[in-house]
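A short worksheet on the structure shown next.
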């Protein structure tokens, strides 16, 4: 347990209970991802150890963190689903146990400014993921229709119209500055992925953003680059970024 916690602390200047469970091999990364996507009701269900062992490991972890003088900070965990539901950790849903799982332990060597950046990073909600389907005749579980993108819900895939997201525009990958600015300003949106049969993994294709934000950012980039808004929004074809997955 200590070795896993130390490794996580060295790598990222903070350590979470999840890091320990992953590091000692009790939690599979794929299972963690499914939990974050709302496909597993509570994290302990996916941990390959009984509750007594989990409880003892977490006690040892907290003792180690306190002994090293790490700074506790409770973080927020929400699902990678459209409803952004609060993620549950324990079978009992006991508030004190949930709080213990949500508590991150931060290195006291970091400055206050760096600790604030760590907090901002860990509290940032995960991107909503939209899938570019391989089969054009897929059916929405709500209306029976179809669309160019889908988002998975517990009962099955849902179309953009039923989700109230059919107004969003697709921006392909290729321009990192454009993508960063769009994601920073757009309150609604999603990362778009498509499954590669040859590589057997999901790969990033681009993002969905609000049309008015796309227009605003296009004008900003045009001024910065000395282009027209239309030219600023042209994105070159590039190799897709990997978005690991096993859906």
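The values are calculated or read from the model by the stated rules, or taken from the named source; none is laboratory data. Worth saying up front: this structure is predicted, and the values here are computed from it rather than measured. Here the Cβ is made from the backbone with ideal geometry for all residues, glycine too, and neighbour counts use every protein chain on show.
Observations on the model:
- Filter result for residue 169 (over 20 Å from the mean Cα position of the chain (by Cα) and either farther than 20 Å from residue 150 by Cβ or buried (at least 21 other Cβ atoms within 10 Å of the Cβ) (or both)): no
- Selected residue [surrounded by 13 or more Cβ atoms within 10 Å (Cβ to Cβ), in contact with a strand residue (DSSP E or B) (Cβ under 8 Å, 6 or more places away or on another chain) and at pLDDT 95 or above] from 84, 102: 102
- For the stretch 105-132, a residue qualifies if it is at pLDDT below 95, closer than 23 Å to residue 209 by Cβ and outside any strand (DSSP E or B), and the qualifying residues are 120, 121, 123, 124, 125, 126, 127, 128.
- For the residues 132, 160, the requirement of being touching a residue at least 60 places away in the same chain (Cβ under 8 Å) and surrounded by 15 or more Cβ atoms within 10 Å (Cβ to Cβ) singles out 132.
- Of the helices (runs of 4 or more DSSP H) lying entirely inside the stretch 135-247, the ones with 1 or more residues being at pLDDT 90 or above and farther than 26 Å from residue 81 by Cβ are found at 176-185, 211-225.
- Any hit, the stretch 215-223, residues being touching a strand residue (DSSP E or B) at 6+ places or on another chain (Cβ under 8 Å), surrounded by 13 or more Cβ atoms within 10 Å (Cβ to Cβ) and not assigned by TED's automatic domain parsing to the domain that holds residue 71: no
- Taken over the stretch 87-99, the residue count meeting the criterion of being surrounded by fewer than 16 Cβ atoms within 10 Å (Cβ to Cβ) and either in contact with a strand residue (DSSP E or B) (Cβ under 7 Å, 6 or more places away or on another chain) or at pLDDT below 95 (or both) is 1.
- Condition met for residue 57 (over 21 Å from residue 123 (Cβ atoms) and touching a residue at least 40 places away in the same chain (Cβ under 8 Å)): yes
- Helices (runs of 4 or more DSSP H) wholly inside the stretch 1-70 that include at least 3 residues being closer than 17 Å to residue 97 by Cα and in contact with a strand residue (DSSP E or B) (Cβ under 9 Å, 6 or more places away or on another chain): 51-67
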